[in-house]
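Working notes, beginning with the structure itself.
Nothing in this text is a laboratory measurement; each read-out follows from the coordinates by a stated rule. Quick caveat: nothing in here was measured; it's all calculated off a predicted structure. Cβ placement follows ideal geometry from the backbone for every residue including glycine, while neighbour counts extend to all protein chains displayed.
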Amino acid sequence: MYCPSNENKDKNKAFDSQDLNIELPIDAGNKGLHELHISWQVEGINYYFEKKIFI
């Protein structure tokens with residue numbers, strides 16, 4: 001998760017495609033605009049997803 005206004009608020013988490021739920025804890029002081037960036041690869045093909053989130 002990328003925070004455009006403050007790189008110290010960025011969060012990174014690796015996950016496995018077999019994970020049904022993925023949790024990314026957010027600190028109470030981490031309010032504002034964030035961008036969720038997810039990239040993965042399946043059978044040699046790269047995929048990317050991006051979503052703006054306001055906390």
Which of the residues belonging to the range 14-55 are over 19 Å from residue 2 (Cβ atoms) and either of a type outside the set (Gly, Ala, Ser) or in contact with a Gly (Cβ under 7 Å, 6 or more places away or on another chain) (or both)? 16, 18, 19, 20, 21, 41, 42, 43, 45
Could you figure out which of (1) exposed (fewer than 10 other Cβ atoms within 10 Å of the Cβ); (2) outside any loop (DSSP other than H, G, I, E, B); (3) of a type outside the set (A, V, I, L, M, F, W, C) isn't true of residue 50? (1)
State whether one or more residues within the range 27-39 are loosely packed, with under 12 Cβ neighbours inside 10 Å, out of contact with any strand residue (DSSP E or B) (no Cβ under 9 Å at 6 or more places or on another chain) and either in contact (Cβ under 8 Å) with a residue 40 or more places away in the chain or part of a helix (DSSP H, G or I) (or both). no
Those residues of the range 1-17 which are within 13 Å of residue 55 (Cβ to Cβ) and either touching a Pro at 6+ places or on another chain (Cβ under 7 Å) or part of a helix (DSSP H, G or I) (or both), in sequence order: 9
Scanning the range 1-29 residue by residue, those among the polar types (S, T, N, Q) and within 10 Å of the chain's Cα centre (by Cα) turn out to be 12
